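Please treat every number below as a calculation from the coordinates, not as lab data. Keep in mind that this is a model prediction, so the values were computed, not measured. Here Cβ is always computed from backbone atoms with ideal geometry, including for glycine, and neighbour counts include all displayed protein chains.
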Amino acid sequence: MTSILGRDTARPITPHSILVAQLQKTLRIAEESNTPLEILTSLRLGLQLAAGLDPYLDDCTTPESAALTALAQKTSKEDWSKRFSDGETVRQLEQEMLSGHLEGQTLKMFVHITKAKRILEVGMFTGYSALAMAEALPHDGRLIACEVDSYVAEFAQTCFQESPHGDKIVVEVAPALETLHKLAVAEEAFNLIFIDADKKEYVEYFQIILDRQLLAPDGLICVDNTLLQGQVYLPSEQRTANGEAIAQFNRIVAADPRVEQVLLPIRDGITLIRRLV
């Protein structure tokens, strides 16, 4: 295993990984300047503490399945920029959109804890989180995944075929709001709902799920990216449109008397929501 300060990492996209990158940059500047040894020592200790967390979490978390490893590797090898420029995908995608090992195992644990049999995933990408949750479903369990992009839907389904749990997943290729309305009309209800789609539509997803009874009694909603690179707690002028959308979503959920919630600092933030009334 390489040093925690030298281990290869993907582009920083979570509050913690961005913090580590900023500390690395600050330390380099300090080392190239006439910085007192006491400050350099403090920076090095701070960086060591911060940079060691994510690798340690991965090391202490149950390994992913072979099928999930293969899916992640296939996703990382895909030239997503070329797929978009060639018109094969409807939007610019990137490998960092994949949920990954720690979040995948967290979602899998939630399925076990809730004993869910019916799961709805709003936003699938290449299917890592869908397959992780499907692995925890009983043999007669079902997961419906909403995905707007037909290319990634086909990509994911090809990966699902390599897993004994892939046949538990049904992919609905359409805009998420359209699929949610269709499921509501059919009076479907789900024990666990995972939201990870268009950030600007998060509030609408949340309202439809509650207003149209898509969440079963005692069900759990898990919402991804609710820290969005730390933008939600930075000054508003430092937020992107997505950052502002997530900040608004967090405020709305926190003020809704129908639910209680907790925001966990896992990866880019996961909010757990339970309905009260």
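In this entry, the chain is assigned a mean projected area of 16.5 nm², taken as a quarter of its C-alpha convex hull surface. Scaled against the 2.2 N^0.38 Å expected of a compact globular protein of N residues, the Cα radius of gyration of segment 226-277 reads 1.16. Restricting the calculation to Cα atoms, every distinct pair contributes to the Kirkwood radius of segment 125-229, found to be 14.3 Å. Placing a label point 7 Å from the Cα of Ser33 along the Cα-to-Cβ direction, none of the residues of segment 238-273 has a backbone N under 16 Å of that point. If I fit a long axis through the Cα atoms of helix 176-185 and take the longest principal axis of the Cα atoms of the chain, what angle between them do I get, 0 to 90°, rounded to 10? The helix 176-185 is inclined about 30 degrees to the chain.
Our summary gives the chain a relative contact order of 15 percent, counting only alpha carbon pairs under 8 angstrom and 6 or more residues apart.
For segment 127-189, what class follows from the C-alpha gyration tensor (a ≥ b ≥ c being the square roots of its eigenvalues): rounded when a/c is under 1.5, otherwise prolate if a/b is larger than b/c, else oblate? Oblate shape, in that a/c is at least 1.5 and b/c is the bigger or equal ratio. Rounded if a/c is under 1.5, else prolate if a/b is larger than b/c, else oblate: which is segment 58-209, with a ≥ b ≥ c the root eigenvalues of its Cα gyration tensor? Judged from the Cα gyration tensor, segment 58-209 comes out oblate (a/c at least 1.5, b/c at or above a/b).
For segment 13-129, how big is the tail of P(r) above 26 Å, as a whole percent of Cα pairs? Across segment 13-129, Cα pairs with separations above 26 Å total 43 percent. Going by Cα centres, segment 147-204 and segment 8-62 are how many Å apart? Rounded to whole Å, the Cα centres lie 37 Å apart.
Compute the acute angle (0 to 90°) between the alpha-carbon long axis of helix 37-51 and the principal axis of greatest extent of the alpha-carbon atoms of the chain; round to the nearest 10°. That helix lies at roughly 20 degrees to the long axis.
Compare Leu37, Leu264, Leu227 in a GNM of the chain, Cα atoms joined below 10 Å, and give the one with the largest fluctuation. Answer for the Gaussian network model of the chain: Leu37. Measuring between alpha carbons in the structure, the pairs from Lys82/Lys168; Lys115/Lys168; Lys74/Lys168; Lys74/Lys108 lying more than 24 angstrom apart are Lys82/Lys168. For the options Asp167, Asp140, Asp198, a Gaussian network treatment of the chain with springs between C-alpha atoms closer than 10 Å singles out Asp140 as fluctuating the most.
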